[in-house]
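Everything below concerns the one structure shown next.
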Amino acid sequence: MRFVDEFRDPDLAEMLGARITALCEPGRHYKIMEVCGGHTHTIYRYGVQDYLPDDIELVHGPGCPVCVIPMGRVDDAIAIAERADVILTCFGDMMRVPGGNGSFVDATARGADIRMVYSPLDALRIARQNPDREVVFYAIGFETTAPSTALTVMRAKAAGIRNFSVFCNHVTIIPAIKAILDSPDLRLDAFIGPGHVSTVIGCRPYEFIARDHGKPLVCAGFEPLDLLQSVFMIMTQFAEGRSEVENQYGRVVRWDGNLTALKVLADVFALRPYFEWRGLGSISHSALRMSDRYGDFDAELRFKVPGVRVADPKACQCGEVLKGVLKPWECKVFGTACTPEMPIGTCMVSSEGACAAYYNFGQYAKQRVHLEV
Amino acid sequence: MNTGDPAVLSEAPVSCELTDGCITCGDVAVVLTVVEASGPDARCRDDAGRTEDVATELVGAVAPGNRLLVHAGVAIERVEG
């Protein structure tokens, strides 16, 4: 496939793997966290770990936006969706995320009008087509997705569309990385930076990680060779005694990010003082709400919601998986009580979730290892 | 990713496939090529020939042949190289 095959060449992958192995210091174990769920998906789908020496361990981070949604936020949205005058719209991955009172699929079965959309702009189109209904967009995602929500709200305001609002769950990546760096559970050596988040925020916001914590970070693309090259760049930094932020994904990531998108985000959203992340707990200044200027489009102001915090199921260990403390298969209910068909935890719902990615792809790699033994 | 009529991405039913990941959310974005630009939207095409309308306000003026990184119906950056 054009523009893609060159990033999936197995011979180049073997060569990069050998060069990475040559950079390993004997007896040292390296833990590298890929922050983004898209990277986790690529790692399992293409068996990227198989090209790396045993001394390099890839640790999965919290960058799946579906996986970090707390149960209470699902319940709040269902409370809105159960109003007869409301059409709730959301991305496909959200439909099966369990809340305390079931998922959006369950709410749909009970009669709520919940529709999947590809883009928030599709939700706005539904609002235009249904002027007698309130259309609410359930917004999730990091800085990659927040601009599309912001742009949609700006278009709604410009067009004078009054029956559209946003239930905003957008989160920001830097506070989550800070929380992981401050976690006593985990010792990390370096980070693979989220490529598409970085197209928006650039590389500059990560500089404190290298400067203050002494850990290299390389912003990476999403093809297998992108990831292997990023690991090679990290290992080169270790070999040369450097700790810097570098950009492997130069084909779309600029050092200062997309300034137009950042300006739009600053106009439409404001930082929440705190926000609960599933598994990570409450993190200050880590999420967005509608700004006062766009308060008319805030579904949380337009509708009454329970706003109750719901504890995760006791058996679920998504928190440890999201922090990289546990591997997916080390969770007590992985693959037994919790599967993609009947998920208990959010990490098993989205294809970007570490548990779902491992369940669908990683277990084959493990079988290969067993066969070789 | 979207399935259904292969010629029209934007009219296809939304679903997630574990093989390709979910393009409806997360940090997954796709590279599309501009076919026709008109106002704030551009008609774009992927490598398989499927087309969709993409909002381009965040990347400035575009022209046919430009390649864009598209996420949730919105171009978030130009693709170089």
**OP:** Evaluate peptide A:89-96: per residue, the Cβ atoms of other protein chains within 10 Å of its Cβ; return the mean as an integer.
**Re:** 4
Original post:
In nm, to one decimal, how far is the residue A:29 label point from the residue A:242 one, both placed 7 Å along Cα→Cβ?
Top reply: 2.8
Original post:
When ranked by the protection proxy of mean other Cβ atoms within 10 Å per residue, highest first, what sequence do the peptides A:219-230, A:322-333, B:41-52 form?
Top reply: A:219-230, A:322-333, B:41-52
**OP:** Using the Karplus curve 6.51 cos²θ - 1.76 cosθ + 1.60 with θ = phi - 60°, work out ³J(HN,Hα) for each residue of region A:106-119 in order, rounded to whole Hz, and write x for Gly and Pro.
**Re:** 5, 5, 4, 4, 7, x, 5, 9, 10, 10, 7, 10, 8, 9
Original post:
Based on the Kirkwood radius over alpha-carbon pairs, what is the Stokes-Einstein translational diffusion coefficient of region A:173-298 at 25 °C with 0.890 mPa s viscosity, in µm²/s?
Top reply: 154
Original post:
Which Rg and Dmax, in Å, describe the Cα atoms of the protein assembly as shown?
Top reply: 21.1, 68
Subject >> Residue with peak Gaussian network fluctuation, chain A [Cα springs, cutoff 10 Å], from A:15, A:116, A:71 >> reply: A:15
Subject >> Amide H contacts of residue A:102 (H built 1.01 Å from N, under 5 Å, at least 5 apart or other chain) >> reply: none
Original post:
Can you give the translational diffusion coefficient of region A:250-372 in µm²/s, computed by Stokes-Einstein from the Kirkwood radius over Cα pairs at 10 °C and 1.306 mPa s?
Top reply: 90
Original post:
On a 0 to 90 degree scale, rounded to 10, what angle separates helix A:259-268 from the longest Cα axis of chain A?
Top reply: 40
Subject >> Solvent-accessible area buried by pairing B with A, both sides, nearest 100 square angstrom, 1.4 angstrom probe >> reply: 3300
Subject >> Cβ charges +1 (Lys, Arg) and -1 (Asp, Glu), total dipole of chain A, debye >> reply: 980
Subject >> Test item: A:115-124 mean partner chain Cβ contacts at 10 Å >> reply: 5
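Give the average, rounded to an integer, of partner chain Cβ atoms located within 10 angstrom of each Cβ in B:50-59.
Going residue by residue through B:50-59 and averaging, the value is 4.
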Subject >> DSSP bridge orientation in the protein assembly as shown - percent antiparallel, rounded to nearest 5 >> reply: 45
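The values are calculated or read from the model by the stated rules, or taken from the named source; none is laboratory data. Everything quoted here is computed from the prediction, not taken from an experiment. FYI the Cβ positions are ideal-geometry reconstructions off the backbone, even for glycines, and counts take in every protein chain you see. Keep in mind that these areas ignore ligands, DNA and RNA; they rest on the heavy atoms of the full protein, side chains included. Shrake-Rupley method; radii C 1.70, N 1.55, O 1.52, S 1.80 Å.
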